[in-house]
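Okay, so here's the structure we're looking at.
The values are calculated or read from the model by the stated rules, or taken from the named source; none is laboratory data. Just so we're clear, the structure is a prediction, and the values are computed from it rather than from any experiment. So basically every Cβ, Gly included, is an ideal-geometry build from the backbone, and we count neighbours across all protein chains shown. For the accessible areas, the whole protein counts, side chains as well, though only heavy atoms, and no ligand, DNA or RNA atoms are used. Shrake-Rupley method; radii C 1.70, N 1.55, O 1.52, S 1.80 Å.
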Amino acid sequence: MIPLVNLSAHHQKLEPRLTRAITRIIKAGTFILGPDVSAFEQAFARYCGSRYCVGVGSGTDALIAAVRALDVGEGDEVIVPAFTFVSTAFAVLATGARPVLVDVDPITLTLDPLQLSHVLTARTRAILPVHLYGMPADMTAIMAFAKKHRLAIIEDAAQAHGSIYRGKRAGMMGTIGCFSFYPSKNLGALGDGGAIVTNNAALARTIRTYCNIGEIHKYVHTIVGPNSRLDTIQAALLRIQLPHLDAWNRKRRSLAAMYNHALQDFPLTLPQELPDRITNYHLFVVRSPRRDALRRFLARRGIQTGIHYPTPLHLEPALFPLGYRKGAFPVSEKAAREVLSLPMYPELTPHDIQTVASSIRIFFLRKTSLRK
Ligand SMILES: *Cc1c(COP(=O)(O)O)cnc(C)c1O
């Protein structure tokens, strides 16, 4: 059995240190905010190269807080790719603003900058690109468009811890970068968690206040906000893991290179890394028109796969009220039919990769001979 991700293998080495941190915090009895949270925020800001980092309750809350802090709400529009996790669009809706969807680039499956001018209106306030699967979006073109039309950029870097675009870390190119520490992300908490990074002091302050029920001093609340702080225990656990993130990402990249080599002769679209960006291979996603049959075949051989994501945003029932129709975003719709995430985590072995590759080989050989 080869799982899609293996968190128990992933945590094995650091487990004694993680357990010690939890015990230390239980003994201290300080569970909300405090030095563990600020130490992690400083370390993560340094890692990203940002001036400020604010820990929050989840990646979804990071996105909501970012849109809010930019004063975007009722009557405003935010441009969002049609192919992403639902949170990207839900965050915009949570503020009362409207997510305006655009199709994605057929190679990177990230927001296609050529679509931006088609959806720009007087109400457009921000662009929300997603570095999907860890692959940075085409930020140069997106940033040029944003600058020209005075739009803010919120990066959904929930899958892109450590990814690099033209020498810059994901999350550091826009006005605000949003991260998730959901357990299976490249940097994962042992529960929920998230953070924003920014170089803008006022935005960082607003987000810190907003996510702490609007409180600037004890019982002085200046804005209305949720209780969405980064949990103290999670911050301590994340700080133990952060120094290992680059090595884990390197491991994923070398595994991805093995996949790419082993799968090159099959009728599969492999992930393509453009020369100006470095992906963290949060997911290793191949594409095939026979995706569902391949997935069932691999499952029967004990190989777990995933689909990220089976439905483009405009076809999610919760987003029907936006009024888009089937056919509106052909690249996203085709991707949703064809993407297949193969097992990928730093503890996967070269032997596992060979097992997956030979099963895929058998699938395609069998199908070809059946057709003859
Ligand atoms: C995981 C993820 C989120 C949401 O993060 P949570 O911490 O689960 O709330 C948002 N956007 C993308 C692209 C994600 O992958």
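Key figures for this structure:
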| quantity | calculated |
| --- | --- |
| Enumerated helices (runs of 4 or more DSSP H) restricted to the stretch 55-174, each holding at least 2 residues that are among the basic types (K, R) and more than 18 Å from the chain's Cα centre (by Cα) | 139-148 |
| Residues (touching a helix residue (DSSP H, G or I) at 6+ places or on another chain (Cβ under 8 Å) and over 18 Å from G73 (Cα atoms)) located in the stretch 145-155 | F145 |
| Test: G191 is at positive phi and within 16 Å of the ligand (Cβ to nearest atom) | yes |
| N260 open to solvent by 10 Å² or more (accessible area, probe 1.4 Å), of a type in the set (S, T, N, Q) and more than 16 Å from the ligand (Cβ to nearest atom) | yes |
| Single match in A97, A82, A45, A91 (criterion: under 25 Å from K326 (Cβ atoms), open to solvent by less than 10 Å² (accessible area, probe 1.4 Å) and away from the ligand (no atom under 16 Å from the Cβ)) | A97 |
| So A152, is it within 17 Å of A170 (Cα to Cα), in contact (Cβ under 8 Å) with a residue 40 or more places away in the chain and away from the ligand (no atom under 16 Å from the Cβ) | yes |
| Residue that is farthest from the chain's Cα centre (by Cα), among those in the stretch 14-37 that are open to solvent by less than 80 Å² (accessible area, probe 1.4 Å) and among the aliphatic types (A, V, I, L, M) | A28 |
| Residue identified as away from the ligand (no atom under 16 Å from the Cβ) and either more than 25 Å from the chain's Cα centre (by Cα) or assigned to a helix (DSSP H, G or I) (or both) among L319, L340, L298, L274 | L298 |
| Selection from the stretch 226-236 of residues that are open to solvent by less than 20 Å² (accessible area, probe 1.4 Å) and not aliphatic (A, V, I, L, M) | S228, T232 |
| Tabulated pairs, the stretch 181-194, first more than 17 Å from P346 (Cα to Cα), second within 8 Å of the ligand (Cβ to nearest atom) and among the hydrophobic types (A, V, I, L, M, F, W, C), C-beta under 9 angstrom, 6+ apart or interchain | G191/F181; D192/F181; G193/F181; G194/A62; G194/L63; G194/A158; G194/C178; G194/F181 |
| Check on G177, within 14 Å of the chain's Cα centre (by Cα), surrounded by 24 or more Cβ atoms within 10 Å (Cβ to Cβ) and in a strand (DSSP E or B) | yes |
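Quick grid of which residues meet (1) open to solvent by less than 10 Å² (accessible area, probe 1.4 Å); (2) in contact with an Asp or Glu (Cβ under 8 Å, 6 or more places away or on another chain); (3) within 14 Å of the ligand (Cβ to nearest atom):
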position: A39; (1), (2), (3): no, no, no
position: R51; (1), (2), (3): no, no, no
position: V67; (1), (2), (3): yes, no, yes
position: L70; (1), (2), (3): no, no, no
position: V104; (1), (2), (3): yes, yes, yes
position: L120; (1), (2), (3): no, no, no
position: L132; (1), (2), (3): yes, no, yes
